[in-house]
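Quick note: the coordinates plus some simple rules give every number you see, no bench work behind them. These numbers were taken from a predicted model, which means no experiment stands behind them. All Cβ positions, glycine included, derive from the backbone under ideal geometry; neighbour counts span all protein chains shown.
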Amino acid sequence: MEHIDVIVKVLNELSKDNKETAIDHLNKEFKHNFIQKDLRKMTHYEKLKIFIKDGFIDRYSGNKLFFPNVLRIISMELGDAFPFHPN
């Protein structure tokens with residue numbers, strides 16, 4: 001299953017206020033292994049400018065990227081089940 005399909009499932013469950021089901025989807029289909037590496041500090045605005053400049057395309061893989069605030073919101077709602085990395 002593509003990552004975008006899992007994110008859509010998670011967002012659908014969050015819109016229904018089903019946090020536990022959203023967490024289950026993440027744990028089964030999109031498990032994160034969080035690695036703490038924060039070597040440089042950039043503001044949210046600086047990061048957003050880079051995303052816009054790159055057209056929300058990963059420069060290394062060519063894959064489309066999610067708007068960072070969508071991932072930040074999911075992380076705020078689901079906590080450790082979907083940790084948000086600032087980079």
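Points worth noting:
- Region 2-32, subset part of a loop (DSSP other than H, G, I, E, B) and over 16 Å from the mean Cα position of the chain (by Cα), residue farthest from H85 (Cα to Cα): K16
- Figure legend. Inter-residue proximity from region 50-74: first residues among the aliphatic types (A, V, I, L, M), second residues part of a loop (DSSP other than H, G, I, E, B) and loosely packed, with under 12 Cβ neighbours inside 10 Å, beta-carbon distance below 6 Å, spacing 6+ or different chains. Indicated pairs: L65/D58.
- Selection count, region 1-49, where residues are within 21 Å of N69 (Cβ to Cβ), of a type in the set (V, I, T) and surrounded by 12 or more Cβ atoms within 10 Å (Cβ to Cβ): 5
- Region 50-87, subset exposed (fewer than 14 other Cβ atoms within 10 Å of the Cβ) and among the acidic types (D, E), residue nearest to D5 (Cα to Cα): D58
- Verdict on I35 being farther than 14 Å from I7 by Cα, over 14 Å from the mean Cα position of the chain (by Cα) and not in a loop (DSSP other than H, G, I, E, B): no
- Matching residues, region 9-60, being hydrophobic (A, V, I, L, M, F, W, C) and farther than 17 Å from R72 by Cβ: I35, L39, I57
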